Amino acid sequence: MIIGLLCVILGIFGSFLPVLPGPGLSWIGILLLYFTSAVPTNYWILGITLLITIIISVLDYTIPAKGTKHFGGSSYGVWGTNIGLVVGIFAPIPFGFIIGPFLGALVGELIYNSKDHGRALKAATGSFIGFLASSFIKFVVCVMFLGLFVWIVWKYRSALL
């Protein structure tokens with residue numbers, strides 16, 4: 001139960017830090033709770049939360065690219081966003097996971113059209129807004145998983161303690 005709670009809490013931090021898979025860690029925390037003998041397995045809850053986790057994980061990679069596209073970015077900007085995200089995660093700079101997609105989209109758009117700096121900046125801003133939206137969605141899901149974890153523990157508290 002303690003390790004499950006730790007996973008759920010780490011999942012909340014992971015909603016902002018790309019090195020930690022936030023919703024995935026939170027789901028593992030719920031799964032670990034069901035591994036205890038005190039809590040009967042509920043496959044519906046596990047299945048629905050797993051489906052939500054998978055959908056959120058896919059959206060986490062597509063939302064920044066869609067933000068770039070929505071703000072007028074080309075496919076160069078979308079590719080730049082994705083490449084910048086990967087480079088930003090591994091770059092030894094603070095907040096590389098935030099700066100990377102922004103700079104990737106900016107560079108991609110400047111490669112596409114080096115004369116239109118305004119459009120490139122607008123597309124990079126779309127990438128940044130997409131990243132923030134994605135992080136917010138992951139945070140909400142992880143907090144909901146924490147609430148579900150606490151509810152399950154409360155429901156079976158007499159058997160768990």
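Every read-out reported here was derived from the displayed coordinates using simple, explicitly stated rules and does not represent laboratory data. Keep in mind that what you see is a predicted model, and the values were worked out from it rather than measured. Every residue, glycine as well, gets a Cβ built from its backbone with ideal geometry; the counts of neighbours run over all protein chains shown.
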query = Among Thr81, Thr62, Thr49, Thr68, which is surrounded by fewer than 18 Cβ atoms within 10 Å (Cβ to Cβ) and hydroxyl-bearing (Ser, Thr, Tyr)?
reply = Thr62
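Would you confirm whether or not region 99-113 contains a residue that is more than 27 Å from Leu6 (Cβ to Cβ) and part of a loop (DSSP other than H, G, I, E, B)?
Within region 99-113, one or more residues are more than 27 Å from Leu6 (Cβ to Cβ) and part of a loop (DSSP other than H, G, I, E, B).
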key: Candidate set: region 46-75, residues that are of a type in the set (A, V, I, L, M, F, W, C) and more than 14 Å from the chain's Cα centre (by Cα); chosen: the one farthest from Leu121 (Cα to Cα)   = Leu46
request  = Take region 1-49 and flag every residue that is of a type in the set (S, T, N, Q), outside any helix (DSSP H, G or I) and touching a Phe, Trp or Tyr at 6+ places or on another chain (Cβ under 8 Å).
outcome  = Ser15, Thr41, Asn42
key: Residue list for region 138-157, restricted to those being surrounded by 17 or more Cβ atoms within 10 Å (Cβ to Cβ) and either touching a Leu at 6+ places or on another chain (Cβ under 7 Å) or among the aliphatic types (A, V, I, L, M) (or both)   = Val141, Leu146, Leu148, Phe149, Ile152, Val153
task = Output the residues belonging to region 10-35 that are touching a Leu at 6+ places or on another chain (Cβ under 7 Å) and surrounded by fewer than 18 Cβ atoms within 10 Å (Cβ to Cβ).
result = Phe13, Leu20, Leu31, Tyr34
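Kindly indicate whether any position in region 54-73 is under 17 Å from Leu146 (Cβ atoms) and in contact with a helix residue (DSSP H, G or I) (Cβ under 7 Å, 6 or more places away or on another chain).
The answer is yes, given that some residue of region 54-73 is under 17 Å from Leu146 (Cβ atoms) and in contact with a helix residue (DSSP H, G or I) (Cβ under 7 Å, 6 or more places away or on another chain).
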